[in-house]
């Protein structure tokens, strides 16, 4: 499975981790892969501004590669020393990202804020991910009533995972009847954009299922009414009354169908999500992934 880094033994060797690591040492995803440093796609960046955010850092990484994961470590203070700068782990999709950012750093062209960070290989080694269209940027298309920052935060993302944003979500295209396209840049693909993609796809699938079932039920009722109309004898004294009653029922079904078209279920059934473009990647990287 791409991105899975569980050792063959199923055990985690904590000696392969930085002594400053603050995460769970029992989590296999935080374990160093069995690869050489020359193959690793993970960098450790120090001397970042004390108030550095994911957005601040990633907005200064360009022409490198897609970013797989980003973790910011704020300044820390211990009995032995005090750090007034932040640090970060950045994992690229492939080794190419490491080599390109290292080249920018060595040439003095990698600046974050007003500071020149120190870039070095991360002690925790991470292998390259399988090439593909997946990335940390999602393009979500649908009616603005459901495809908006607040609704997605409250009803999709915030219910089952945490994430960091690379800037505010932005509307990048507007269509007819209130439909637009929202670009959402997550700080990481791992556990963030990948979970968001799954969450949105589930909402879309559920919307399609409920909508299909509701429309089928309405269609069956319409067919039954039409059959009942054909069975009314022309010379029957109450034929006019019966026919009007069936026509009234049919009209209500049409109203029910129209109301369904304005529901959240209908909107989700017609929404769409796809991967966008990671601005940290170079054009050549994007072409290789297509």
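Just so it is clear, none of the values below were taken in a lab; they were calculated from the coordinates. Computed from a predicted model, the values in this text were never measured in an experiment. Cβ: placed from backbone, ideal geometry, glycine included. Neighbour counts: every protein chain shown.
Before moving on, here are some points about what is shown:
- Between residue 84 and residue 170, the C-beta separation translates, for a Förster distance of 35 Å, into a calculated FRET efficiency of about 0.60.
- Rounded Å value of the spacing that divides the Cα centres of the range 195-237 and the range 117-161: 36 Å
- Distances between every pair of Cα atoms in the range 137-284, grouped in 10 Å steps from 0 to the bin holding the largest one, split as 10, 31, 22, 14, 11, 8, 4, 1 percent.
- Ranked packing of 56-62, 252-258, 36-42, most packed first, by mean Cβ within 10 Å: 56-62, 36-42, 252-258
- Using a simple spin-label model with pseudo-atoms 7 Å out from Cα toward Cβ, residue 215 and residue 239 lie 3.6 nm apart.
- Highest to lowest packing among 148-156, 122-130, scored as the average C-beta count within 10 Å: 122-130, 148-156
- Ranked by the mean number of other Cβ atoms within 10 Å of their residues, highest first, the peptides 259-267, 215-223, 90-98 come out as 90-98, 259-267, 215-223.
- R0 of 35 Å, Cβ-Cβ distance residue 230-residue 260: FRET efficiency to nearest 0.05: 0.85
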